[in-house]
Amino acid sequence: MKKQQQLYKGSLNTIIMKLLEQNDKMYGYEITQKVKEITAGELSITEGALYPALHKMEAEGFLDVEMAKVDGRVRKYYKLTENGVKETHSRLEELENFIRNMQNIVAGPNFKLEM
């Protein structure tokens, strides 16, 4: 695993939740492909990491699951619940604060980040 991949791993739930917020509902493979596309291949989420995260967020009440038949196969779509939307906003705020603090530490006192 690349070192950068390890940094992303701690943010996996937040990444998934942000994608679901932007796209309303998505299925697992679609999430993995969207992450690859957005990061120009720098980050790839394995099924082994994705599905346990989705199941955990579902158990925590942050996701609803919808089943739909597509091309003769059943596809599982994930969608944020109302609590999931609130949790997404909370996590994104925490992440923005973390990024701002890290950039201040790395860049020194004269660096300002506009978000």
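Summary table
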| item | result |
| --- | --- |
| Hits in region 93-109 - residues which are farther than 15 Å from I15 by Cβ and open to solvent by less than 100 Å² (accessible area, probe 1.4 Å) | N97, R100, N101, M102, Q103, N104, A107, G108 |
| In region 17-28, residue nearest to V74 (Cα to Cα) [restricted to those that are out of contact with any Leu (no Cβ under 7 Å at 6 or more places or on another chain) and at pLDDT 95 or above] | Y27 |
| Of all residues making up region 7-37, the number that are surrounded by fewer than 13 Cβ atoms within 10 Å (Cβ to Cβ) and assigned to a loop (DSSP other than H, G, I, E, B) | 2 |
| Counted residues, region 46-57 - those being out of contact with any Gly (no Cβ under 9 Å at 6 or more places or on another chain) and closer than 13 Å to G28 by Cα | 6 |
| Residue in region 63-77 that is among the small types (G, A, S), open to solvent by less than 60 Å² (accessible area, probe 1.4 Å), out of contact with any helix residue (DSSP H, G or I) (no Cβ under 7 Å at 6 or more places or on another chain) and without any contact (Cβ under 8 Å) to a residue 24 or more places away in the chain present | yes |
| Yes/no for E58 being out of contact with any Pro (no Cβ under 7 Å at 6 or more places or on another chain), closer than 20 Å to T14 by Cβ and modelled with pLDDT of 95 or more | yes |
| Qualifying residues in region 38-52 (those that are part of a helix (DSSP H, G or I) and either of a type in the set (A, V, I, L, M, F, W, C) or touching a residue at least 40 places away in the same chain (Cβ under 8 Å) (or both)) - the one surrounded by the fewest Cβ atoms within 10 Å (Cβ to Cβ) | I38 |
| Region 79-92, residues that are touching a residue at least 60 places away in the same chain (Cβ under 8 Å) and either outside any helix (DSSP H, G or I) or open to solvent by 100 Å² or more (accessible area, probe 1.4 Å) (or both) | L80 |
| Filtered residues of region 65-89 (kept if closer than 19 Å to S11 by Cα and not basic (K, R)) | Y78, L80, N83, G84, V85, E87, T88, H89 |
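The values are calculated or read from the model by the stated rules, or taken from the named source; none is laboratory data. Given the structure is predicted, the values throughout are model-derived calculations rather than measurements. Cβ coordinates were reconstructed from backbone atoms using ideal geometry, including for glycine residues, and neighbour counts include every protein chain displayed. Ligands, DNA and RNA are excluded from the accessible area calculation, which covers all protein heavy atoms including side chains. Shrake-Rupley method; radii C 1.70, N 1.55, O 1.52, S 1.80 Å.
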